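For reference, the structure discussed in these notes is given below.
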Amino acid sequence: MEILSWLQNLGADANAVAPGFQARSMYVFMCIALPVAMGLVVGMGLRLIERMFGIELGRGGGH
Amino acid sequence: MSAGEFLLGLGNFPYLALFGLVIGAMGGFFGVGGGFLMVPMLNAVFGIPYNIAVGSDLGQMTGMSTAATVRHMRFGNIDFKLGMLMIAGTAAGVEVGANILEVLKHAGTISIGGRNVEAMTFVMSLVYAALLIFLGQAMVRESLRTIQRTSGRVKLAAEAPASPVVLKLRTFRLWPMVSLPASGIEAISLWIILGIGFATGFLSGMLGVGGGFIRMPALVYVLGCPTVVAVGTDLFEIMFSAGYGVMTHAFKGNVHLVLVLALLVGTTIGAQLGASYTRKAGGPWVRFGFGCLAFIGVIAVMIKLYLSLFHA
C-alpha cells in the first residue's frame with residue numbers, strides 16, 4: 001500500500017483550479033512513465049511466453 | 001474538479017481493478033479497446049468526474065497499447081512511416097480535444113429546466129450517449145448483416161460498394177503527396193493522413209477513447225492499407241495519441257495515478273482473459289452482444305445525468 005500512498009500524494013498538488021497551478025515535473029513524469037513501463041513489461045513478458053510456447057497472435061492481437 | 005481535489009479512497013483500489021478487469025475482459029473478448037465504455041462507466045458507477053476519468057483512462061490506454069505494440073512489432077505489421085506522419089495530426093487533435101474538456105471543466109454550472117448541473121457533466125453525458133448509440137447501432141447492424149449472410153438468407157457482393165465520401169477522399173490529390181511502400185500505397189495526399197490523425201486525436205483528447213473505430217476503417221477503406229498493417233499501425237498510433245493525451249492531461253491536473261494503476265492492473269489481466277475466450281466463442285453474435293452492451297451504457301449515462309439533475 002506504500003506505493004499507492006506515494007502515488008496518491010504525488011498527485012495531491014494536481015489542483016488545476018488553484019491559482020498559479022503548475023503540475024510538478026515528477027507527477028507529469030510518473031503519469032507517462034507508469035503506464036509505459038508497465039506496458040513494456042507486460043508486452044515483453046507476453047512476447048516471451050508466446051515465443052516459449054509457440055503461441056500465435058489471434059485476430060487483432062487481443063489488445 | 002482536478003485529480004488533486006478528487007479524493008479516491010485507497011480502499012477502492014480492488015474495486016477499480018476489478019472494474020478494469022471486467023472492461024478489459026469485455027474489450028479483449030469483443031476485440032475492441034473498450035475505452036468508450038470505460039469513461040462513462042467510471043463516471044456513472046464510481047462518480048469520477050469526466051475530466052479525471054478521461055485523463056486516467058488515457059494512462060491506462062497508453063500501457064495497454066504499449067504492450068500490444070511490443071507484441072505486434074515481431075510480426076512487422078506496423079507501417080512506421082504512416083504512423084509517424086499521422087502523429088502530427090493526432091497531436092493537434094488531442095490538444096484541441098483536451099482544451100475543449102478544459103473549457104468545460106472551468107465552465108461551472110448551467111441551468112436546465114430550473115435545475116443546476118455541471119456543464120461538463122451535462123455536455124459529456126450527451127456526447128457519450130450519442131457516441132454509444134452510434135457505435136451500438138453500427139455493431140448491431142453489421143453483426144446482423146453477417147449473420148444473415150452466413151446463414152445464406154442474404155447474398156452480398158464480394159466487396160461492399162464504397163460510399164461517395166470514401167470515393168471522393170480516395171481521389172483527393174492535394175500536394176504534398178506521399179508514398180507508403182510498407183502499405184503498398186503509391187501516392188496519397190498528406191492532408192488525408194493528417195485529417196484522419198486529427199479526427200481520432202480529437203476524440204482521444206476529449207473523450208479518452210482510442211479512436212480505432214474511426215482509424216481502422218479509414219486506414220483500410222480510404223487509404224487502402226492491408227488489414228493486418230492497419231491493425232498494427234492503429235495500435236502504434238493509439239500508443240502515441242494516448243501517451244500524448246496523458247501528458248497534456250497531466251499538465252492540466254486530470255490524471256489520477258492510483259486510478260491509472262488500478263485500471264492498468266485490471267485491464268491487463270482482463271484483456272488476456274477476454275481474448276482467450278474470443279477464440280472459443282467468436283463470431284458475429286459476440287459483436288451483436290457488444291452492440292447491445294453499448295445501449296446499456298447509454299441507459300447508465302442517462303440515469304446518472306438524471307440523478308445529477310434531480311437528486312443533486
Correct response: the longest run of chain B lacking exposed trypsin sites (Lys or Arg not before Pro), defined by DSSP loop and at most 12 other Cβ within 10 Å, is B:174-312
The size of the Cβ-based charge dipole (Lys, Arg +1; Asp, Glu -1) of the range B:3-310 about the Cα centre, to the nearest 20 debye, is 880
Share of Cα-Cα pairs in chain B beyond 35 Å, whole percent, is 20
Overall form of the range B:68-123 per C-alpha gyration tensor (a/c, 1.5; a/b vs b/c)
prolate
Going from the fewest other Cβ atoms within 10 Å to the most, one would list B:T69, B:T227, B:T146 as B:T227, B:T146, B:T69
Return a whole-number percent for the relative contact order of the range B:203-312, with Cα pairs under 8 Å and 6 or more residues apart as the contact set.
17
What ranking of B:S143, B:S189, B:S111 emerges when the number of other C-beta atoms within 10 Å of each C-beta is taken as an exposure proxy, fewest first?
B:S111, B:S189, B:S143
Counting only complete DSSP H runs, which helices of chain B cover 27 Å or more along their long axis at the Cα atoms and score a mean Kyte-Doolittle of 0.5 or above?
B:80-105, B:119-150, B:227-251, B:257-280, B:284-310
What does the helix-only formula give at 222 nm for chain B: each DSSP H stretch with n ≥ 4 adding -39500 (n - 2.57), the total divided by the residues, and the result rounded to the nearest 500 deg cm²/dmol?
-24000 deg cm²/dmol
In whole angstrom, note down how far apart the Cα centers of the range B:185-238 and the range B:286-306 are.
25
Positive dipole terminus of chain B, leading residue within B:G184, B:V258, B:A129 (C-beta point charges)
B:G184
With point charges of +1 on the Cβ of Lys and Arg and -1 on the Cβ of Asp and Glu, referenced to the Cα centre of chain B, which listed residue (B:V96, B:T171, B:L21) lies farthest in the positive direction of the dipole?
B:T171
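Computed from the coordinates by the stated procedures, all read-outs in this text should not be read as laboratory data. Everything quoted here is computed from the prediction, not taken from an experiment. Ideal geometry is used to build each Cβ from the backbone, glycine not excepted, and the neighbour counts take in all protein chains shown.
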